[in-house]
Amino acid sequence: MSDTSPDLPTDQVFDDLLHEDRSFPPPPDFAAKANISDASLYEAANEDYLQYWTDQAAELDWFEPWEETLEWTPPHCKWFVGGKLNITHNCLDRHLETKPDATAILFEGEPGDQRKLTYRELHAETCKFANALKSLGITKGDRIAIYMPMVPEAAIAMLACARIGAIHSVVFGGFSADSLSDRINDSECKAVITADGGWRRGKFLPLKETTDTAVQATSSIEHVIVYQRDPSFDCPMTSGRDHWYHELVANASEDCPPEEMDAEDVLFILYTSGTTGKPKGIVHTTGGYSVTTYSTTKYIFDLKDDDIYWCTADVGWITGHSYIVYGPLQNGAQILMYEGAPNHPENDRFWEIVEKYKVTVFYTAPTAIRAFMKWGDDLPAKHDLSSLRLLGSVGEPINPEAWMWYNQHIGQNKCPIVDTWWQTETGAIMISGLPGHTTMKPGFAGPALPGIKATILDEDANEVTSGSGLLAITQPWPSMLRTLWGDDQRYIDTYFSKWNPSIYFPGDGAKRDDEGNFMVLGRVDDVLNVSGHRIGTMEVESALVDHPAVAESAVVGRAHDLKGQAIVAFVTVKGNTEMSDDLNNELRVHVADKIGAIARPDQIVFTADLPKTRSGKIMRRLLRDIAEGRAIGDTTTLADASVVASLQAQHADSEG
Ligand code: WT7
């Protein structure tokens, strides 16, 4: 294999349990009450997938019906052509008729403060803030950055934008000022909605200060709106540009009719990492995204009126968009939102919250599950988790060992587990079991959902029937990304050029069992998955070479028992710079400052040279082997083979 062809990830991690036959049919009392407990949806979708999506769409309210379900000119699609709707109408107004006083959001702040918003209140707050945005001159099509802690106002800010047709671009609150300004600049945001700060592991993180730094490096921002999380905090405000959220909404009207959006009008942009240094602005539109998040939430999380649904993601990621805000609200769910860390003040905070709110449906990431395993079985055992009836996993492959632990210690052997595979680009879950129907197998995400067609292909588009290959989605779906903001060519090149323009290439390796369950093995491109977060190796490399002491760098992932992957950076320094421990630490901090703490390398290996092919390409596969401590493969194309030996020695040193 050449060093440039995608390198299938190893599936060794799953060897621990796969040789045993473990399968978990839905518990009978779960199946008896489940929204779906038979194969009827699959049958309907197989017969006519456009009709399937038409039926799903018909469950939502539309201001005007669509004329055509799908217009597909590969790789570009339009769904529900000509239809008019507003996602906030389906999230809010619709429920005012049936259950205005039902809980929409239950909030627990990290310090322990609590709030509750009914659907009526959430509707009113959204309308008030939407009117406030209007009063600042924000209108349909304007881009608005949202850089917020996990408080209800983050959701309200998103909804208020959607209400008036402004396009939100949520930036995870853990990203740095540079990451924020890059994203603001790429889509020329007119305003940024932020907060004085938010609580994380007992500290108040000053988001507004970071926002101020970011905004200095932008030219499009006219307004900075600041939600006040802690009135005792002295927050810097720039007069003329900055506005307090509470002052803006104080006199705003609760009446704000939803903007009639075309199904294909942009709902939001969400940036995600790719294989270059520049993040991609994933574009999602209104109609298809509404329909798919609505229907997947309904079927996969099996929601009922009395469920308390908790997804532990942050609204800064796609999981927060689709499965904290839009999917659950369209379903009229009772949503729990928690601001802080899982280990504050103690390692059992999540289980304390489950017990306190009687959470019934719980959706989290394997990296968190592995941390809980490490923290000990006694922590969940201390709490009454009997309210739980369904568990979910997302963000990275869940190793069977973690699956079994989750099943036993959290689900108490009575909750189905849905392992949901999807991406920022897919907008909604694509592969998952249906909890009342599918027999779950640890390590397997399950079959493609009704209406979704996935398979495994080799490089030449042949179906792979045994062993691993490349995951492919072979038919369009309503919530697929429509393009990359300002860069349609990159959209075509990244996702639809691997085989032919009608097949979507997600960038994951996978294999399949005889029943059509997919086991997703991980990325096949230069993208890492660290604790369920996607980080481009090139982004980290650019951050490193931005430091004056660094000449060159190459970043790879290494398996990590908690994070899934850890970041290892090989660095060459300029001139006579001393390769000291101080510099090593400084570089790690530098990357965190440039991108955000999630991108801080676990290990930096100084080296005199990087292994390159004769044509000058860095041999990443070799670096991965070194980082993993594996035997070194073929180095015949290496320009200077002695580099490898010294790299291995350096790596061993820096680990020790
Ligand atoms: C990548 C997408 C979409 C949710 C959060 C991450 C990996 C996601 C699974 C899963 C195995 C998974 C893939 C995918 N991934 N869920 N259940 N099993 N891998 O979103 O940042 O867009 O990353 O996360 O590698 O391509 P994202």
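With just the Cα atoms defining each centre, how far is segment 355-397 from segment 558-630? Give it in Å. Using only Cα atoms to place each centre, the spacing works out to 33 Å. Under a model in which nothing but the beta-carbon of Lys, Arg (+1) and Asp, Glu (-1) is charged, the chain shows a dipole of about 500 debye around its Cα centre. For the pair Lys574 and His246, label points projected 7 Å from Cα toward Cβ lie 4.8 nm apart. Rounded, prolate or oblate: which fits the chain, taking a ≥ b ≥ c as square roots of the Cα gyration tensor eigenvalues, rounded meaning a/c under 1.5, else prolate when a/b beats b/c? Because its axes are fairly even, with a/c under 1.5, the chain counts as rounded.
Order of 463-472, 191-200 by packing, highest average Cβ count within 10 Å first? Provide the component values of the computation, followed by the final result.
On the way: 463-472: 16.9, 191-200: 25.5.
For the peptides 463-472, 191-200, the packing ranking is 191-200, 463-472.
Any chance you could run the full-extension gain for Ala31 through Asn46? It's 0.36 nm times the residue separation minus the Cα-Cα distance, nm to one decimal.
Computed gain between Ala31 and Asn46 is 3.1 nm.
Descending by average beta-carbon neighbour count within 10 Å, the peptides 304-313, 504-513 line up as 504-513, 304-313, the highest first. Mind checking the log10 I(q)/I(0) for segment 114-259 at q = 0.11, 0.12, 0.21 Å⁻¹? Debye, one equal scatterer per Cα, no solvent, two decimals. After summing over all Cα pairs, the log10 values are -0.36, -0.44, -1.38.
Across the protein chains, with a 1.4 Å probe defining accessible surface, the residues Lys574, Lys208 rank Lys574, Lys208 from largest area downward. Rounded to the nearest whole angstrom, the semi-axes of the ellipsoid equivalent to segment 336-435, taken from the Cα gyration tensor as √(5λ), stand at 22, 15, 14, largest first. Rolling a 1.4 Å probe over the protein heavy atoms gives the chain an accessible area of 37 Å² per residue. For the pair Val464 and Ala39 in one chain, pulling the backbone fully straight at 0.36 nm per residue adds 150.5 nm over the alpha carbon distance. Potential lengthening of the chain between Val81 and Phe233 amounts to 49.9 nm, from the contour at 0.36 nm per residue minus the alpha-carbon distance.
Think of it this way: in the chain, Cys77, Cys91, Cys161, Cys189, Cys235, Cys311, Cys415 stand alone, with no other Cys Cβ under 4.7 Å. For Glu515, the solvent-accessible surface with a 1.4 Å probe is about 130 Å², rounded to the nearest 10.
Highest-first packing order for the peptide set 556-568, 603-615 is 556-568, 603-615, based on the mean count of other beta carbon atoms within 10 Å.
Converting phi to 3J(HN,Hα) with the Karplus coefficients 6.51, -1.76 and 1.60 and the offset θ = phi - 60°, segment 572-579 yields 10, 9, 7, x, 9, 3, 7, 7 Hz in sequence order, with x at every glycine or proline. All Cα-Cα separations within segment 409-516 were binned at 5 Å from zero, giving a P(r) of 2, 11, 21, 22, 18, 12, 8, 4, 2, 0, each value a whole percent of the pairs. Solvent-accessible surface (1.4 Å probe) assigned to Phe301 amounts to roughly 0 Å².
Taking all pairs of distinct Cα atoms, average 1/r, flip it, and tell me the Kirkwood hydrodynamic radius of segment 531-655 in Å to one decimal place.
Numbers: mean 1/r = 0.0684 Å⁻¹.
Radius from the Kirkwood sum: 14.6 Å.
Computed over segment 236-296, the P(r) tail beyond 19 angstrom holds 63 percent of alpha carbon pairs. Working from label points 7 Å from Cα in the Cα-to-Cβ sense, the Glu59 to Ala551 distance is 6.1 nm. The heavy atoms of Met538 present about 70 square angstrom of accessible area, all protein chains included, probe 1.4 Å.
Taken over segment 114-259, lysine pairs spaced eight or more positions apart, or on distinct chains, with alpha carbons under 28 Å apart number 12.
The values are calculated or read from the model by the stated rules, or taken from the named source; none is laboratory data. Just so it is clear, the structure is predicted and the values come from calculations on it, not from any experiment. Glycine gets a Cβ as well: all are built from the backbone with ideal geometry, and neighbour counts include every protein chain shown. Remember, those area values only see protein heavy atoms, side chains included, never the ligands or the DNA or RNA. Shrake-Rupley method; radii C 1.70, N 1.55, O 1.52, S 1.80 Å.
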